[in-house]
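Quick notes on the structure that follows.
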Amino acid sequence: MPRNYDFWLFDLDGTLVDVYPSYTVEVIARVGDRLGQGFTEQDAARLWYGQGDTRAELLAERGVDPEQFWTAFHDEEDPQARAEATYLYDDAEQFFADRTDPVGLVTHCQRYLTDPVLDHLDIADWFDTVVCCDDDIGWKPDPAPVHRAMGEMGVGHNGHVGALAGDNPGDIGAARNAGLDGIHVHRESPVSTDRCVRGDHRVTTLLDL
């Protein structure tokens, strides 16, 4: 692992934090009720984590329009309930202890959910900037949200060397498209997949960084 990175960007869900499985099952079940679909626990994991194309594939199989899914999903998500069901990975807390180099967050989690999670876990002050992707900013692997975070941290292609770490192929794609190293954080996930995420580096704990 190169030691010359002078700034870091991180994904949030599945990388630094995760939610208790029972919460995902309950939320997706309510979403399914709205859509007239009976989603199983395995379906809930595929829809929640969305590794690779698994979410899109499942919705296509069920004939569910993605926009309808996300509308129902956001209607069913309660920010405080989400925050209380979210836990912090132990290695994340150790990695961030006493850090002085710039650190940013680039997440698909929407602002109305992200802020309560960061506040509940008391980690908002870990980050110099928080970029929540949307249709205007762009979605990973689009590099636009990564460029925005770099600009807000003052490290945008001006001699600084950094990396983006995340658990999803979209994170690695965003890193590469933005000219950064991509670090795949391989967490034990309830989602089974036959895809190999090929980042510049692969770690099972942030302490390897």
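The values are calculated or read from the model by the stated rules, or taken from the named source; none is laboratory data. Predicted model, so just to flag it, every value in this text is computed and none were measured. Please note: Cβ atoms are built from the backbone with ideal geometry, for glycine as well, and neighbour counts cover all protein chains shown. The protein model used for the area step is the full one, side chains on, heavy atoms only, and it has no ligands, DNA or RNA in it. Shrake-Rupley method; radii C 1.70, N 1.55, O 1.52, S 1.80 Å.
Below is a table of values for the structure above.
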item	result
Restricting region 70-153 to trypsin sites (Lys or Arg not before Pro) in coil, as DSSP defines it, with at most 14 other Cβ within 10 Å	99
Along each principal axis, Cα extent of the chain, largest first, Å	52, 32, 31
Separation in nanometres of the label points that stand 7 Å from Cα toward Cβ, at residue 98 and residue 78	4.1
For residue 208, solvent-accessible area (1.4 Å; no DNA, RNA or ligand), Å²	80
Sites residue 6 and residue 188, calculated FRET efficiency, Cβ-Cβ separation with R0 25 Å, nearest 0.05	0.25
The chain, relative contact order [Cα under 8 Å, separation at least 6], %	26
Two-site FRET efficiency, residue 134 against residue 87, from Cβ-Cβ distance with R₀ of 22 Å, rounded to 0.05	0.30
Percent RCO, i.e. relative contact order, over region 1-76, from Cα pairs under 8 Å lying at least 6 residues apart	27
